[in-house]
Amino acid sequence: MARENFHDLVAFVAVAEERSFTRAAAKLGVSQSALSQTVRGLEAQLGIRLLTRTTRSVAPTEAGERLLRTVAPRFAEINAEMAALSELRDKPAGTVRITATENAAEAVLWPALQKLLPDYPDIKVEIVIDYGLTDIVTGQVDAGVRFGEQVAKDMIAVRIGPDIRMAVVGSPAYFAKRSPPRTPQDLTSHDCINLRLPSHGLYAWEFERNGRELRVRVDGQLVFNTSALILNAAMAGFGLAHLTEQQVRKHLDAGELVRVLANWCPPYSGYHLYYPSRRQPSAAFALVVDALRYPAGHGRPLARHSR
């Protein structure tokens, strides 16, 4: 089949299936006049009318219906085979964009990607550090990372890390001047280092004990929008910080920080990768998800309430 004939048939099938030159032109990305000229050329070449045109509608003639029944399934088979061949590529390619917090990127994403990417040089990964709980659909990213309880119900959630505990910490120099808090309410009389979330304002510190949940609004001289600076300020003695155990563990072990209110910080569902349930994942995206997936059976089941 000549290439011109193939394109002419594609044009005819689009118009016949859409029953509209306007919709078919939009589907094919061509002008309506160019599409009409292409179909007229095919009819002239075959010497038979394929479409009946009126001011309100377009419909296949008897010959057009016959050609449509013959050709359309063949095109569907070709498209299906092309899609199948793409799935068999030895080296999946493409860009995967993920939004995550600083700690999630450092603690979970980077260690996994460091192992995956050398074997797949055609996969590109872009990590966007964001504390704003971005809508990944409108934000034009493929997936996001949140704590399990923050994932919306209409999203697919894949656990990518262990359970997490928060820790309230301060430097020895700070506690040399201030008595340690015994309850979360005591934090209101302490200098605390705040985190500002772009979409939620100042983050309220969250606690739980014996089924009792508390949210405490703290105050202090410093407010940051990055956990690294919060950690640095706490170690410098500017106040108390509310960070994950993973972020402060080595500093606790080294005696550079002191932990308080540990019995008010139970473990909860850790980091999850989330993405829309309706999306058809590419081979590259599927590989990244598998590389990040936390072993089944580890950690608590995902709870579905806002945190």
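The values are calculated or read from the model by the stated rules, or taken from the named source; none is laboratory data. Predicted model, so just to flag it, every value in this text is computed and none were measured. Positions of Cβ are backbone-derived with ideal geometry, glycine not excepted, and every protein chain shown enters the neighbour counts.
Counting only residues that are under 18 Å from A100 (Cα atoms) and not in a loop (DSSP other than H, G, I, E, B), which one in the range 269-285 is modelled with the lowest pLDDT?
Filtering first and then ranking leaves P276.
Given the criteria without any contact (Cβ under 8 Å) to a residue 12 or more places away in the chain and either in contact with a Lys or Arg (Cβ under 8 Å, 6 or more places away or on another chain) or aliphatic (A, V, I, L, M) (or both), does A80 qualify?
yes
How many residues does the range 47-59 contain that are on the phi < 0 side of the Ramachandran plot, modelled with pLDDT of 90 or more and out of contact with any strand residue (DSSP E or B) (no Cβ under 7 Å at 6 or more places or on another chain)?
2
Inside the range 14-43, can you point out the residues that are of a type in the set (A, V, I, L, M) and more than 18 Å from V71 (Cβ to Cβ)?
Selection gives A25, A26, V30, A34.
Of the numbered conditions (1) of a type outside the set (F, W, Y); (2) in contact with an Asp or Glu (Cβ under 8 Å, 6 or more places away or on another chain); (3) assigned to a strand (DSSP E or B), A241 satisfies every one except a single condition; which is it?
All conditions are met except number (2).
Using beta carbons and a limit of 9 Å, which pairs, at least six apart or on different chains, have the first residue in the range 272-284 and closer than 19 Å to D122 by Cβ and the second one modelled with pLDDT of 75 or more and acidic (D, E)?
These pairs meet every condition: P281/D142; S282/D142; A284/D122.
Residues of the range 41-81 being of a type in the set (D, E, K, R), assigned to a helix (DSSP H, G or I) and either within 15 Å of F6 (Cβ to Cβ) or more than 46 Å from the chain's Cα centre (by Cα) (or both), which ones?
E43, E62, R74, E77
Could you list all residues from the range 28-39 that are surrounded by 14 or more Cβ atoms within 10 Å (Cβ to Cβ) and part of a helix (DSSP H, G or I)?
Within the range 28-39, L28, Q32, L35, S36, T38, V39 qualify.
Could you run through the range 1-27 and say how many residues are surrounded by fewer than 18 Cβ atoms within 10 Å (Cβ to Cβ) and in contact (Cβ under 8 Å) with a residue 60 or more places away in the chain?
Qualifying residue count for the region: 1.
Can you tell me which residue among R300, R259, R304 is surrounded by 13 or more Cβ atoms within 10 Å (Cβ to Cβ), under 22 Å from the mean Cα position of the chain (by Cα) and either at pLDDT 85 or above or among the charged types (D, E, K, R) (or both)?
Of the residues listed, the single one that is surrounded by 13 or more Cβ atoms within 10 Å (Cβ to Cβ), under 22 Å from the mean Cα position of the chain (by Cα) and either at pLDDT 85 or above or among the charged types (D, E, K, R) (or both) is R300.
When the range 161-204 is examined, which residues are found to be aliphatic (A, V, I, L, M), in a loop (DSSP other than H, G, I, E, B) and in contact with a strand residue (DSSP E or B) (Cβ under 9 Å, 6 or more places away or on another chain)?
Passing the criteria: I193, A204.
If you take the residues of the range 218-232 that are of a type in the set (A, V, I, L, M) and surrounded by fewer than 20 Cβ atoms within 10 Å (Cβ to Cβ), which of them is nearest to the chain's Cα centre (by Cα)?
It comes out as A228.
Just checking, does the range 240-258 include any residue being among the hydroxyl-bearing types (S, T, Y) and touching a Leu at 6+ places or on another chain (Cβ under 7 Å)?
No; the residues of the range 240-258 include none that is among the hydroxyl-bearing types (S, T, Y) and touching a Leu at 6+ places or on another chain (Cβ under 7 Å).
Between L231, L243, L214, which is at pLDDT below 95 and aliphatic (A, V, I, L, M)?
Unique residue meeting the criteria: L214.
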